[in-house]
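Visitor: I'd like to ask you about the structure that follows.
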Amino acid sequence: MKHKTIIEPFKIKSVEPIYVTTEQQRKEYLKAAKNNPFLLKSDQVIIDFLTDSGTSAMSAEQWAGIMRGDESYAGSKSWERMENAVKHLTGMEFILPTHQGRAAERIIYGHLGGSGKTFISNTHFDTTRANIEFSGAEALDIAISESNDPSLIHPFKGNIDIGRLENLINEKGAENIGAVILTVTNNSGGGQPVSMKNTREVSTICKKNNILLLLDCCRVAENAYFIKHREEGFEDKTYEEIAQEMFALTDGAAMSSKKDALVNMGGFLALRNKELAEACTMLLIITEGFATYGGLSGRDMEALAIGLKEVFDPSYLEYRIKSTAYLGEHLHKMGVPVMMPIGGHAVYIDAKKLYSHIPVNQYPGQALACELYKMAGIRTVEIGSVMFGKYDENGKLIPAPMELVRLAIPRRVYTQSHIEYVIETFDEILKTKDQIKGYKITKEPKFLRHFTAHFEEI
Ligand SMILES: *Cc1c(COP(=O)(O)O)cnc(C)c1O
């Protein structure tokens, strides 16, 4: 018999309490948090969908590894195990441990960047862009045009636009391209996958022009799942083999291991070129730590080595991708406007469509994030004009292209009943949608305002 029910392929050994609150309490908490879910305390939250970064539940094996962690300053056994795991996966010779993804980015893009340089990606993740721009270089996003339409179905919406890539190389001059970066899956584009065919084409173009191709591989296992099930010729390959094939097409990779390595902290840089690796190692030692630990303790490296293997377990990946799709497709069937197809790590709600009566300068995404919290204690994040909006010289809002709310699903943390609770909440969201009011910003910092801004209901 083939079951339809997706079961969590794990049993629960250790539990963390969820504090159940009343709607009245949550209204008070949100008011004290100035209507910004980032300012809530975690024990005021029932279901925390703020991020999938660093929020994974570790396995019994990983916790056992934590006890085994070797905290020697140099040449730790735990480093040896992490280095071997990363080498095995990436096939690259030079591995640099870092405390998280952006540390790896600062090192490599700090070294390759500088004014006059251009970096090209399907979509630069915000810390990637920040590190590139901070070096004085420019960061250009050229995902295929299908990626801009939230409701359009396409199997590999994370793909790079090959025609635009070739034009940009001609226009800028190959020698001025710092690197081409493929983000898998494409986080900012809705967790959409990149195909092997696209990676191969990008790799061929980069080789021909002598341009470095790097993989932002935070969710490379989730991406491998989509390739196996959507791209011809990969049906019989393992998820790990698919990921290895993808790495083989590139010159290097940066990973925030807080995603697909199933740890709470960690990252790495993997490189093939010796000179580049030596330059990066020098920067690593200056700011992160010695080359055999980066910013990590031995126990972190031990857990990372184990997580990087566990993430390719077929029953885990099947559960991971199908349970995310389960939430997204239920909402879609109920008539909630969601970004389609459902990506690997999150479900994105199109708040502009849901609250079509709220103008973008009254932040419909923020309104939805507040409603989800008040109604059910669900914490989400607005990805729209609060996060990406800018002002023109008259102080008028230049809105973001989309007003989305992201429900990011932590790995191995919530069960199906938690997901059912979220789905049920959307019944009420749909019923009350016409009465919901917009928000105005009452206080905001100059940069990254979404983290700390204050809001008031209009
Ligand atoms: C999270 C993330 C990063 C940055 O990693 P941190 O560990 O948060 O510093 C870079 N790229 C992508 C695609 C990410 O999702």
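Visitor: If we only count helices (runs of 4 or more DSSP H) wholly inside the stretch 323-397, which ones have 2 or more residues that are within 20 Å of the chain's Cα centre (by Cα) and surrounded by fewer than 23 Cβ atoms within 10 Å (Cβ to Cβ)?
Guide: 385-388
Visitor: Looking at PHE426, PHE455 in this structure, which one is more than 17 Å from ALA33 (Cβ to Cβ), surrounded by 14 or more Cβ atoms within 10 Å (Cβ to Cβ) and either at pLDDT 95 or above or in contact with a Gly (Cβ under 7 Å, 6 or more places away or on another chain) (or both)?
Guide: Checking each option against the conditions leaves just PHE426.
Visitor: Among PHE10, PHE38, which is the only one that is within 16 Å of the ligand (Cβ to nearest atom) and either surrounded by 13 or more Cβ atoms within 10 Å (Cβ to Cβ) or not in a loop (DSSP other than H, G, I, E, B) (or both)?
Guide: Unique residue meeting the criteria: PHE38.
Visitor: Moving on to the next point. Give ALA270, ALA261, ALA248, ALA277 a once-over and let me know the one that is in contact with a Gly (Cβ under 9 Å, 6 or more places away or on another chain) and either among the polar types (S, T, N, Q) or closer than 20 Å to ILE160 by Cβ (or both).
Guide: Answer to the selection: ALA248.
Visitor: If you take the residues of the stretch 110-137 that are touching a residue at least 60 places away in the same chain (Cβ under 8 Å) and among the hydroxyl-bearing types (Ser, Thr, Tyr), which of them is surrounded by the fewest Cβ atoms within 10 Å (Cβ to Cβ)?
Guide: For the stretch 110-137, the residue satisfying everything is THR118.
Visitor: Have a look at LEU262, LEU269, LEU215, LEU249 and point out the one that is modelled with pLDDT of 95 or more and more than 27 Å from GLU318 (Cα to Cα).
Guide: Being modelled with pLDDT of 95 or more and more than 27 Å from GLU318 (Cα to Cα) holds for just one of LEU262, LEU269, LEU215, LEU249, which is LEU269.
Visitor: So ALA104 passes all but one of these: (1) surrounded by fewer than 19 Cβ atoms within 10 Å (Cβ to Cβ); (2) closer than 30 Å to LYS274 by Cα; (3) within 16 Å of the ligand (Cβ to nearest atom). Which condition number does it fail?
Guide: (1)
Visitor: Hey, among the residues in the stretch 109-134 that are of a type in the set (Gly, Ala, Ser) and within 16 Å of the ligand (Cβ to nearest atom), which one's nearest to GLY191 (Cα to Cα)?
Guide: SER121
Visitor: Here's another thing I want to ask about it. Cβ-Cβ distance below 9 Å, separation of 6 or more or different chains: which pairs start in the stretch 246-257 with a residue that is closer than 7 Å to LEU269 by Cα and in contact (Cβ under 8 Å) with a residue 40 or more places away in the chain and end on one that is in a strand (DSSP E or B) and more than 16 Å from the ligand (Cβ to nearest atom)?
Guide: These pairs meet every condition: ALA253/LEU271.
Visitor: Could I ask something else about it? Can you go through GLU61, GLU80 and tell me which one is away from the ligand (no atom under 16 Å from the Cβ), within 25 Å of the chain's Cα centre (by Cα), surrounded by fewer than 17 Cβ atoms within 10 Å (Cβ to Cβ) and part of a helix (DSSP H, G or I)?
Guide: Among GLU61, GLU80, only GLU61 is away from the ligand (no atom under 16 Å from the Cβ), within 25 Å of the chain's Cα centre (by Cα), surrounded by fewer than 17 Cβ atoms within 10 Å (Cβ to Cβ) and part of a helix (DSSP H, G or I).
Visitor: Would you check if there is a residue in the stretch 183-203 being without any contact (Cβ under 8 Å) to a residue 40 or more places away in the chain and within 15 Å of the ligand (Cβ to nearest atom)?
Guide: No, the stretch 183-203 contains no residue that is without any contact (Cβ under 8 Å) to a residue 40 or more places away in the chain and within 15 Å of the ligand (Cβ to nearest atom).
Visitor: Output yes when any residue across the stretch 102-109 is touching a residue at least 12 places away in the same chain (Cβ under 8 Å) and more than 22 Å from THR250 (Cβ to Cβ), and no when none is.
Guide: no
Visitor: Follow-up question, since we're still on this one. So which strands (runs of 3 or more DSSP E) stay within the stretch 89-167 end to end and still have 3 or more residues that are acidic (Asp, Glu)?
Guide: none
Visitor: I've got another one for you. Look at PRO17 and say whether it is under 24 Å from the mean Cα position of the chain (by Cα) and either modelled with pLDDT under 95 or away from the ligand (no atom under 16 Å from the Cβ) (or both).
Guide: In short, no.
Visitor: While we're on this one: Does VAL45 satisfy being away from the ligand (no atom under 16 Å from the Cβ), under 24 Å from the mean Cα position of the chain (by Cα) and either under 20 Å from LEU283 (Cα atoms) or aliphatic (A, V, I, L, M) (or both)?
Guide: Considered against the rule, which asks whether it is away from the ligand (no atom under 16 Å from the Cβ), under 24 Å from the mean Cα position of the chain (by Cα) and either under 20 Å from LEU283 (Cα atoms) or aliphatic (A, V, I, L, M) (or both), VAL45 comes out as yes.
Visitor: With respect to ALA74, is the statement that it is within 30 Å of LEU372 (Cα to Cα), away from the ligand (no atom under 13 Å from the Cβ) and either basic (Lys, Arg) or surrounded by fewer than 20 Cβ atoms within 10 Å (Cβ to Cβ) (or both) true?
Guide: no
Visitor: Right, something else. From the list LEU308, LEU317, which residue is modelled with pLDDT of 95 or more, within 23 Å of THR185 (Cβ to Cβ) and surrounded by fewer than 24 Cβ atoms within 10 Å (Cβ to Cβ)?
Guide: LEU317
Visitor: So is PHE134 in contact with a strand residue (DSSP E or B) (Cβ under 9 Å, 6 or more places away or on another chain), of a type in the set (Phe, Trp, Tyr) and in the same structural domain as GLY101 (by TED's automatic domain parsing) or not?
Guide: Judged against the criteria, PHE134 is not a match.
Visitor: Would a scan of the stretch 42-54 turn up a residue that is surrounded by fewer than 20 Cβ atoms within 10 Å (Cβ to Cβ), assigned by TED's automatic domain parsing to the domain that holds VAL347 and free of Cβ contacts under 8 Å to residues at least 12 places away in the same chain?
Guide: Among the residues of the stretch 42-54, at least one is surrounded by fewer than 20 Cβ atoms within 10 Å (Cβ to Cβ), assigned by TED's automatic domain parsing to the domain that holds VAL347 and free of Cβ contacts under 8 Å to residues at least 12 places away in the same chain, which makes the answer yes.
The values are calculated or read from the model by the stated rules, or taken from the named source; none is laboratory data. All values derive from a computational prediction rather than experimental measurement. All Cβ positions, even for glycine, are placed from backbone atoms using ideal geometry, and neighbour counts span all protein chains on display.
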